[in-house]
1. Have a look at Asp206, Asp254 and point out the one that is over 21 Å from the mean Cα position of the chain (by Cα), closer than 21 Å to Ile282 by Cβ and open to solvent by 40 Å² or more (accessible area, probe 1.4 Å).
2. Out of curiosity, is Lys216 among the basic types (Lys, Arg), touching a Ser or Thr at 6+ places or on another chain (Cβ under 6 Å) and at negative phi?
3. Which condition number does Trp188 fail, the rest of (1) of a type outside the set (D, E, K, R); (2) crowded, with 22+ Cβ neighbours inside 10 Å; (3) out of contact with any Lys or Arg (no Cβ under 9 Å at 6 or more places or on another chain) being met?
4. Identify, from the list Leu149, Leu153, the residue that is closer than 20 Å to Glu294 by Cα and open to solvent by 10 Å² or more (accessible area, probe 1.4 Å).
5. Please tell me if Val199 is open to solvent by 30 Å² or more (accessible area, probe 1.4 Å) and either part of a helix (DSSP H, G or I) or among the hydrophobic types (A, V, I, L, M, F, W, C) (or both).
6. Go through (1) surrounded by 17 or more Cβ atoms within 10 Å (Cβ to Cβ); (2) of a type outside the set (Phe, Trp, Tyr); (3) touching a helix residue (DSSP H, G or I) at 6+ places or on another chain (Cβ under 8 Å) and name the single condition Arg135 misses.
7. With farther than 25 Å from Gln141 by Cβ, exposed (fewer than 13 other Cβ atoms within 10 Å of the Cβ) and modelled with pLDDT under 95 as the only criterion, which of Pro10, Pro19 stands out?
8. Look through Arg103, Arg88, Arg62, Arg122 and report the one residue that is of a type outside the set (S, T, N, Q) and either more than 24 Å from Ala288 (Cβ to Cβ) or not in a helix (DSSP H, G or I) (or both).
Amino acid sequence: MAQIGKATGPEAAAEVRVPVESMDIITRTPNATGPESKFEKVVILPNADDKDPANHAWADARFATDILSEHGLFFALLMPEELAKEERAEALGFYREFGEMHRQIAADQPPQRNEVKPFLGRIREKVMPFIEYKRRLGDAQRSGKLRSLVWPLFFDHTRHEAERWERRFNALAGGEVEFERKEVVTFWTNIMDEHARFVAHLLDPDEYALIEKAFKTAEVFRKLQSDGVAGAVAALSAQPGTVAGSLGQNPNADAVMSAAQTMLDFKTTAVRDIESARIKSIIEPRLADHVRREALKFVNELKRAV
């Protein structure tokens, strides 16, 4: 079993293990031997030739449980006990539960082929209550019954992610490994749009240039939800400078891939600047790395999509 060292994040340290040779280790710095900071989490995904449902099930379960655990953490950080004591305790419960699942998956081998469905089923059983929690609290925040510091859109955003993981696990349980391009583009362009708007509202108000860039980027991804020529033309018409700059950096990519890669590059630079306080914001470094990894997943899925 290959490994590239130990994770150094604030949570319990764990070795970064690659259970099979057909998986890629993806770090912020290409070909690095490990995380560059205590906030970076290494991503492990099947390589382009790997079509084994068991390997995909393991990699997606490893990725998803970590993301879902962090959702619980971020909710808790935005829920002072004075405002939402019970809801915060629930969020911390999800944080710990999915965190423990993630550590167990990361330390183990992929399931056997005949164990893929029950393996994913056990995770799905934990995802469904979290989806309901996000729906319930989103409605409560929207109606004023809950007065936390979590935007209603953030509850919705994370719920949509959890719902998609539930659909992905169902597909993998049936042996479906491939991604459909239309679904990938529709889902991830919406997520990237919302990420950009979240960033704009979490930056220090003095960060004029970055705030403007974030809003322009959000509009580009909204236009690109209509894949193909129409989406590219709409994005170029709305934000010609942003789109032209992205295409210039990625001349061999289509408009969506160009925007996705540019977003990943931007988030990778931003997380470093947030960690070092070169960017003024109220963005927690773990959140910055979280959204970087999701942009990475977008790029990876888009490359695999058919």
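The values are calculated or read from the model by the stated rules, or taken from the named source; none is laboratory data. In this text, all values refer to a predicted model and were calculated from it rather than measured experimentally. All Cβ positions, even for glycine, are placed from backbone atoms using ideal geometry, and neighbour counts span all protein chains on display. All accessible areas refer to the heavy atoms of the entire protein, side chains included, with ligands and DNA or RNA removed. Shrake-Rupley method; radii C 1.70, N 1.55, O 1.52, S 1.80 Å.
1. One residue alone meets the criteria, Asp206.
2. Working: among the basic types (Lys, Arg): yes; touching a Ser or Thr at 6+ places or on another chain (Cβ under 6 Å): yes; at negative phi: yes.
The answer is yes for Lys216.
3. Answer for Trp188: the failing condition is (3).
4. Leu153
5. yes
6. Single failed check for Arg135: (1).
7. Result: Pro10 is the single residue among Pro10, Pro19 that is farther than 25 Å from Gln141 by Cβ, exposed (fewer than 13 other Cβ atoms within 10 Å of the Cβ) and modelled with pLDDT under 95.
8. Details: Arg103 fails: either more than 24 Å from Ala288 (Cβ to Cβ) or not in a helix (DSSP H, G or I) (or both); Arg88 fails: either more than 24 Å from Ala288 (Cβ to Cβ) or not in a helix (DSSP H, G or I) (or both); Arg62 fails: either more than 24 Å from Ala288 (Cβ to Cβ) or not in a helix (DSSP H, G or I) (or both).
Going through Arg103, Arg88, Arg62, Arg122 in turn, just one is of a type outside the set (S, T, N, Q) and either more than 24 Å from Ala288 (Cβ to Cβ) or not in a helix (DSSP H, G or I) (or both): Arg122.
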